[in-house]
Structures are given as C-alpha cells and as structure tokens.
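Visitor: One structure, pasted below without further comment.
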Amino acid sequence: MEPASEQLLEIYTNMVRSRAFEELVISIMPKGKIPAGWMSGVGQEGIVGALSGLREDDYVTYTHRGAYYFLCRGSDPGRILAELYGKRTGYCGGKGGRHLADTKHRLFGKSGTIGGHAPIAVGLATAVQIRGEDSVVMSFFGDGTSNRGTTHESMNLTSVWKLPLIWVCENNGWAGLTPSSMSTAYTDVADLAEAYSIPGRIVDGNDVLEVHEATREAVARARAGAGPSLIELKTYRIREFAEGGWFPTGYRDPEEVEAWKKRDPIERFRAVLLSRGVLTAGQVEEIQQKAVEEMQVAQKFADESEFPPVEDAFTDLYA
Amino acid sequence: MRTIGFMQAMNEALQEEMRRDPSVYVLGLGVHYSGTHPSVTAGLIDEFGAARVRSTPVSEAAVAGSCVGAALAGMRPVAQFSLADFVFCALDEILCKAGKWRYTHGAEGGMSLPIVFLETIGGYVSAASEHSQSPLALYAHAPGLKIAVPTTPYNAKGLLKTAIRDNNPVVFFPHKRLMGAQGPVPEEDYTVPFGQAEVRREGRDVTVVATSYMVTLALEAASKLEEQGVDTEVIDPLTLEPLDTERIVESVRKTGRRVVVDEDTERCGVGAEIGMQVVERAFDALKAPIQRVSNPNLPVPYSRPLEQAVLPSREKIEKAIQQTLAA
Ligand SMILES: Cc1ncc(C[n+]2csc(CCOP(=O)(O)OP(=O)(O)O)c2C)c(N)n1
C-alpha cells in the first residue's frame, strides 16, 4: 500500500529538514562553536522512510550518524544544536554533546560504543512484551556495527524471545577507513537473519519508498506479536566519517563517491513526487525555504543560549 | 526468630518484591529451573511465569544491556549472573550505560535506571583465576553505580529489597562461601538501608574494616586475639557506594588503629580507598600505620595451599592486627 499524499509530503519534508540540519552543522563546523566532531548523515536520508512508519509510543535506538531520527520524532533542532555547542538548553544540558537524547520522544541516548544500542533495544522490547503493550522498537545500526558481538547476542535474543523489534542496518559500505570487504565475512548483513531465524530483507536504502514499504511490513509484524525482522538498507555515506577536520581523507575512490552522489535519495524522491503530481515546483521551493529558516532559528537559539553553570557538572549522577 | 539460609533469604526478597511490584522481573542463565536444588531464583517461575522469570542464553552483554533498555522503559530488572567473573563480558553495559546514562542523557526527562545486577564473588573454593574473583574495586571506581556486599542472610534479604526499590543501578555481590550460611531472618517485611555500616563486633584497641566473607575471617581473628587480651572492633560497611565513612572514621578515632581486609587484588583496591578516606579525615587520630590484608596482585591459583597463600586468612589478619598494635 502506497502512503497517502500527506505522508509522502511529510517524508519528503523530513528528508529536506535532515539535509538542512547537516548543511547547517557543516557550515558552523569551521567556526569552532562545536567543540567536537559530528557524524554526518548526508546521503542516508532514506532512513526517514523507516522512521515515518512509527507511532509516538514506539521506541527508537539510533546510530552515531545523522539527525534524522530526532527530526522525524519531533525533536527541536535548536535544542539539538545547543547540545552540540555544549549549552545548557541542549537536550542533555550540555553533558552529552553528540551523544544526544530526547527522552520525551523516547530517544534515550546515544551509545558511545557502537553496538551498545543493540542490547538496550532488546530491553526496551522486553519491557513492551512483559507489559503486553503493542509498541515496537526500531533499532538502527551500521554495517561496521554488525561485527560487534552485542549485535549478534542481541539478534539471537530477540528471536529466541520473539520480541517486537525491527533491526535496521544502514549499510553504507564503510566503517571509518575500513571497507566492508576487509572486515565482514558476509556480503549482505541481511544474511544474518537466516542464522537467527527471522525474516531478512535487502532494500535500496536510497529509495525512501522502498525503505518505507519494507519497514512498514516489519513493523506490522512486530506489532502483531510475530517477532523481529532484519532489514538492510544499501546506502552510502557521502561525507567523510566525521565533520570537524580531524579524520583522515583520501581512503575512498572519488569515483565511488561521485557515483553515489548521483543516487541522492532526496533528489530521487523529489523527482518521483514531481512526476506523480504529489509535489509542485513551488512546493519544492517552499519546503526548502522553510527548512532553511527552521535551521536559522535553531542556530540563533543555540548561539544565544548560555553555557551551563559549573555546578551542573556535579548534579544528576544518581536518581 | 526463624533461621533460614542465605540463598533462601535472597529468594524471599525476590519473591516478595515481585509480588509487590509488577515491574520487577528476573533474568539470567537457568532461572527457569525450579527443581529441588537450592538457588536464588528457585520457584519464581511457578508463581510469576516465563514472562517475568526469563531464562537467557549465554549472552552477558545482551542481558546486562537489556536491563538498561527495560529500565529506560520503566521496568525494574534483576539480572542473575552467577559469577562476577563472567560479567567482564558486560562491563560496557554496566559501567558505561547503567552507570552513566542518567548523568549524560537523562536528567531532564528524570531518567532513572533501577536495575540490580547479582554477581557472586570470591575464592576459597579452588576455582582458579577466572572463577574466583572479587572485583569490587572495579565497580567502586566507576561513577553512577551503587554497590551492596551482603554478609548474613538477614542483611542479604534486607539489602536486596533496598536494591530492588532503589531507582539507581545496584551491583549486588554475594560471596560463594557465604551462600550456604544460615541465620535469623524475620518473617515480616523489612529492609536494610544503604550507606549504614554494621558494627559486627565492638572493641577498643583496633578497628578492622572488612567486606563480604572477610568479615567472617576478621571475626574469627578477633575471637582468637581476645584470648590474648586484644579488643577488636569489626566494621562491615555493607555498601561501598554509598560508603559509611563517618562510622569508620568514628571507630578509628576511638581505637587509633586500623586494618582493612579486602579479598580483591590490593593495588588501587577498596582497602586503599577506605584507608585513604581515614588518612584524609582522621590522620591525627592514627597511632600506627594502616595495615592492609588483600590479594597481593596475583591471579587466584587453584591448589589449596597456593590459594591460601594468595588470599587473606584468619592468620594474616591476626598478624596485621598485631603489627598495628606493636607499632
Ligand atoms: C566499540 C567501539 N569501537 C570503535 C568505535 C569507534 N567508531 C565509531 S563509529 C565507527 C565505525 C562505525 O561503522 P558503521 O557501523 O558502519 O557506521 P558508519 O559510521 O559507517 O555510519 C567506529 C569504529 C566505537 N565508537 N565503539
């Protein structure tokens, strides 16, 4: 079933907002206002298709890359940016930085260790199952993260316990400087599904509608109590591993990057929407303009926010 | 008062807390087993079912991390890990997620992580280096965790109830050599508070601070030395975080002499920490150097005489007490 026009527009808008946030961060980086790196999600906005099939009472665990998770769930980009600045108004009061959380939207924290989320996702789904609720958990992870033991322990456990969880692998082919071919015995991460006796599916991660359709099916399955699934999104990281200038470059074939730029998920989706008449050229302009304005407001908010008082360093360790 | 075993005391705490609060559940290796062999989780599955008594695969990291996730979603998991030695596989989950996520991510949303990690510690059972560890200092070193070290059936039950009701992650360390202990435990509901040391023996001449099974050895040493007219005070902190420094310092102010007994490796250990707390707060009251009795930074060997040589013993504690008295 194709999503309604309204939902298609929402998906498109969230992709554009995600990209606008990335562009904002990239433009701010040289100014030194963000005292650490940021892992850009440019080129991986097809993920929005997965997130758009979730309800407010669902849970998401997320990777170190991109802001789409937050923007799709309803987080305020001003507070995200304020957190990256280390300001008091940030979502973690300046204690997390890019280890973002927005507890109100059930985004509970970014693991400093990749693969740290997988067990946490298992626990969220366990809570849902014990209480007999019909929320689901969507747990994102990178192809590099698929090599962690926690990923495997957790996939096995979700299958054994038949938990309401959707594993979504963002396979961008690289883990830092290392290509999958050097690190990963399986070509397709989705093949793990067979080992763990759950449905597995590979989709074009830069085709947001395909992503949406595949994840919607998996969400419905999990919600109905039929257990977990694994969906692999084949995509690509357009930017370097991290923004901020501290990461090596030149380890990838520039032609590879250029080829993937041509498969930009936002441009592709825009063309589909324009050709189907869901979107007009005027609306394209308007959505873009609004996203840029939203990010300008966010930047002003972060710029004008105060740093936390030093006393804050000594609070909130224990409940 | 009736007398029950240490494991039964813990079992009752779990059962009573699971009855009291539907968000409490237990998980771990073999917790579904409900036979006649005594265990901390015996019989729970019959009353609470497999949803709240969850048998797990050998996946310590996934189990520990799942406790964090479930707690984030409002549950109160109790993970039964059997030996602390196995939990090294899950330290990222316990030290970095359970211990740090509230501070790092969650103050605004009132995030709390009510989790209990049950980890049995200790040597004296010829189990060699990877089944005999007492890594208390490792956990005490990490911010954000509470640490309970029970020593009797009474305080095991009361501390476990406090741990389950606490809104923070608690690592709870029973000792292999104490699991078979019997002791008086009331039938009615009670708890034992965190952060209040128990004076297990009052004395005037020297203060011995000991944790876990070391309390038993310290009490034996104290009895022996009583024959020679030495009056030893034995303090059992019961929790290392929070630590009842006040009670320890008060005792040292009375006796002026201090021995710390700790089964863990000595370097940067709990004994060093407790010793330094005393030095910082009551240096003027000390009449002699503080003595430590611990494992001298060695893996625990298998053979009985070798294990005895490495781990603290009643004799080593007696000797340390005599040394501090002679100084
Ligand atoms: C346990 C652990 N090891 C190493 C790192 C450093 N690290 C951060 S991201 C990353 C690569 C992740 O690759 P992948 O999962 O494919 O995600 P991508 O960055 O490609 O989106 C590494 C090695 C870490 N954060 N945690």
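Visitor: Leaving out ligands, DNA and RNA, and with a 1.4 Å probe, what % of the accessible surface on region A:5-303 is carbon or sulfur? Spell out each step's value before the answer.
Guide: Details: 5690 of 11040 Å².
That fraction is 52 percent.
Visitor: Which distance in Å, rounded to a whole number, links the C-alpha centroids of region B:25-64 and region B:128-186?
Guide: 18
Visitor: Give me the 1.4 Å probe accessible area per residue for region B:3-184, excluding ligands and nucleic acids, in Å².
Guide: Values: 5350 Å² over 182 residues.
The answer is 29 Å² per residue.
Visitor: Could you work out what % of the accessible surface of chain B is carbon and sulfur, using a 1.4 angstrom probe and leaving DNA, RNA and ligands out of the count? Let's see the in-between values first.
Guide: Details: 6210 of 12120 Å².
Ligands and nucleic acids excluded, carbon and sulfur reach 51 percent.
Visitor: Taking the solvent-accessible surface of protein heavy atoms with a 1.4 Å probe, what is the per residue accessible area of region A:1-133 in Å²? Show your work: numbers first, answer last.
Guide: Details: 3930 Å² over 133 residues.
With all protein chains present, region A:1-133 gives 30 Å² per residue.
Visitor: Another question about this same structure. Would you jot down the residues in region A:280-319 that end up with at least 10 Å² less accessible area in the complete protein assembly than in the chain alone, with a 1.4 Å probe?
Guide: A:Ala313, A:Asp316, A:Leu317, A:Tyr318, A:Ala319
Visitor: Sort A:Ser154, A:Ser183 by accessible area with a 1.4 Å probe, largest first. Walk me through the numbers before you get to the answer.
Guide: Numbers: A:Ser154 0, A:Ser183 50 Å².
I get A:Ser183, A:Ser154, largest accessible area first.
Visitor: Label region A:5-303 by shape, choosing from rounded, prolate and oblate, from the square roots a ≥ b ≥ c of the eigenvalues of the Cα gyration tensor; if a/c is under 1.5 it is rounded, and otherwise prolate applies when a/b is larger than b/c, oblate when it is not. Can you show the working numbers first?
Guide: Values: a/c = 1.30, a/b = 1.27, b/c = 1.02.
In terms of gyration-tensor shape, rounded.
Visitor: Which links in B:Lys146/B:Lys176; A:Lys110/B:Lys161; A:Lys87/B:Lys97; A:Lys104/B:Lys97; B:Lys97/B:Lys316 stretch past 27 Å when you go from one Cα to the other? Display every interim value, and only then the final one.
Guide: Numbers: B:Lys146/B:Lys176 21 Å; A:Lys110/B:Lys161 31 Å; A:Lys87/B:Lys97 23 Å; A:Lys104/B:Lys97 19 Å; B:Lys97/B:Lys316 39 Å.
From the list (B:Lys146/B:Lys176; A:Lys110/B:Lys161; A:Lys87/B:Lys97; A:Lys104/B:Lys97; B:Lys97/B:Lys316), the Cα-Cα distance tops 27 Å for A:Lys110/B:Lys161; B:Lys97/B:Lys316.
Visitor: Additional query: Can you list the residues of region B:47-74 whose accessible area drops by at least 30 Å² going from the chain on its own to the full set of protein chains, with a 1.4 Å probe?
Guide: In region B:47-74, residues shielded by partner chains: B:Arg54, B:Pro57, B:Ser59, B:Ala61, B:Ala62, B:Ser66, B:Gly69, B:Leu72, B:Ala73.
Visitor: Return one number: the angle in degrees, 0 to 90 and rounded to the nearest 10, between the long axis of the Cα atoms of helix B:270-282 and the longest principal axis of the Cα atoms of chain B.
Guide: 60
Visitor: A further question on this structure: Taking the Cα centre of region B:1-96 as origin and charging only Cβ (+1 Lys, Arg; -1 Asp, Glu), how large is the dipole, in debye to the nearest 20? Walk me through the numbers on the way to the answer.
Guide: Values: 6 positive and 10 negative charges, 47 e Å.
Using only the charged Cβ atoms, the result is roughly 220 debye.
Visitor: How many angstrom lie between the C-alpha centres of region A:178-217 and region A:57-123?
Guide: Between the Cα centre of region A:178-217 and that of region A:57-123, the gap is 24 Å.
Visitor: Between A:Lys31 and A:Phe247, how many nm apart are label points set 7 Å from Cα along the C-beta direction?
Guide: 2.2
Visitor: May I ask you to derive the FRET efficiency for A:Ala185 and B:Gln182 from their Cβ-Cβ distance with R0 = 60 Å, giving the value to the nearest 0.05? Don't skip to the answer; put the middle values down first.
Guide: On the way: r = 53 Å, r/R0 = 0.89.
So the FRET efficiency works out to roughly 0.65.
Visitor: Using a probe radius of 1.4 Å on protein heavy atoms only, what is the accessible area buried between chains A and B, both sides summed, to the nearest 100 Å²?
Guide: Values: alone 14280 and 13760 Å², together 24780 Å².
Result for this pair: about 3300 Å² buried.
Visitor: If I fit a long axis through the Cα atoms of helix B:314-326 and take the longest principal axis of the Cα atoms of chain B, what angle between them do I get, 0 to 90°, rounded to 10?
Guide: Result, in degrees: 40.
Visitor: Still on this model: Students sometimes get this wrong: rank A:Lys87, A:Lys300 by accessible area, probe 1.4 Å, all chains present, largest first. It would help to have the intermediate numbers written out before the result.
Guide: Numbers: A:Lys87 15, A:Lys300 120 Å².
My answer, sorted largest first, is A:Lys300, A:Lys87.
Visitor: Hey, another quick one. Taking the solvent-accessible surface of protein heavy atoms with a 1.4 Å probe, what is the per residue accessible area of region B:198-326 in Å²? Show your work: numbers first, answer last.
Guide: Working: 5770 Å² over 129 residues.
Per-residue accessible area for region B:198-326 comes out at 45 Å².
Visitor: Please give the helix B:245-255 orientation as an angle from the longest Cα principal axis of chain B, in degrees from 0 to 90, rounded to the nearest 10.
Guide: 20
Visitor: On a 1.4 Å probe surface of the protein chains, which of A:Thr187, B:Thr232 comes out largest in accessible area, and what is the full order? Walk me through the numbers before you get to the answer.
Guide: On the way: A:Thr187 115, B:Thr232 0 Å².
Result of the area sort, largest leading: A:Thr187, B:Thr232.
Visitor: Now, a different point. Counting Lys +1, Arg +1, Asp -1, Glu -1, what net charge surrounds A:Val189 among other residues with beta carbon under 9 Å of its beta carbon? Mind showing how you got there, number by number?
Guide: Numbers: positive: none; negative: A:Asp143, A:Asp188, A:Asp191, A:Glu232.
Neighbourhood net charge equals -4.
Visitor: Counting only other chains, and only Cβ atoms inside 10 Å, what mean value do you get across the residues of A:128-135?
Guide: Values: counts 3, 3, 11, 6, 1, 1, 0, 1.
Mean shielding by partner chains, rounded to a whole number: 3.
Visitor: Still on this structure, please answer the following. Any idea what the dipole of chain A comes to, in debye rounded to 20, about its Cα centre with Lys/Arg Cβ at +1 and Asp/Glu Cβ at -1? The partial results should precede the final answer.
Guide: Values: 34 positive and 44 negative charges, 78 e Å.
Its charge dipole is roughly 380 debye.
Visitor: Restricting attention to the alpha-carbon atoms of region B:84-178, what are Rg (one decimal) and Dmax (integer), both in Å?
Guide: Using the Cα atoms of region B:84-178, the pair Rg, Dmax is 14.1, 49 Å.
Visitor: Can you list residues from other chains, or at least 5 along the same chain, whose modelled amide H is less than 5 Å from the amide H of B:Val293?
Guide: B:Val260, B:Val261, B:Asp262
The values are calculated or read from the model by the stated rules, or taken from the named source; none is laboratory data. Just so we're clear, the structure is a prediction, and the values are computed from it rather than from any experiment. Neighbour counts run over all protein chains shown; Cβ positions are idealised from the backbone, glycine included. Please note that ligands, DNA and RNA were not included when accessible areas were found on the heavy atoms of the full protein model with its side chains. Shrake-Rupley method; radii C 1.70, N 1.55, O 1.52, S 1.80 Å.
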